[in-house]
């Protein structure tokens, strides 16, 4: 699925509500909350801080998906074409870092 399709899917879901998209700074605050939840899950799984028995069983993949949804909301609210930006970003990394690490 292209990013444009994901952006449309998110936009279709958002547009059914009167509120629409949050303001960019509100979306950013939400992104920070979601990033904290991901950090907590990573710490539970790979760090020394294990979950308490009463804590919910969240998965790292679910938290990454929440972050991605929030980023798509940000892009949509600012009319950013993520397909275009993704290609630009990959070209940057491909060219800049082509000799940076040992290849397999």
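Nothing in this text is a laboratory measurement; each read-out follows from the coordinates by a stated rule. Predicted, not measured: the structure shown is a model, and the values here were computed from it. Virtual Cβ from ideal backbone geometry, glycine too; neighbours counted across all protein chains shown.
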note = Highest GNM mean-square fluctuation among 55, 33, 41, for the chain with Cα springs under 10 Å, belongs to 55
inquiry  = Taking 0.36 nm per residue of sequence separation and subtracting the Cα-Cα distance, how much length would be gained by fully extending the chain between residue 65 and residue 22, in nm to one decimal?
reply    = 13.6 nm
task = Tell me what the chain gives for mean residue ellipticity at 222 nm when only DSSP H runs of n ≥ 4 count, each as -39,500 (n - 2.57), the sum divided by the residue total, rounded to 500 deg cm²/dmol.
result = -22000 deg cm²/dmol
note = With label points set 7 Å from each Cα along the Cα-to-Cβ direction at residue 94 and residue 13, the distance between them in nm comes to 3.0
request  = Among [x] 17.3, 52; [y] 13.6, 42; [z] 16.8, 59, find the value of Rg and Dmax of the Cα atoms in Å that was calculated from the structure presented, and write down its label.
outcome  = [x]
ask   = What is the chain's relative contact order, in percent, from Cα pairs under 8 angstrom and six or more apart in sequence?
value = 41
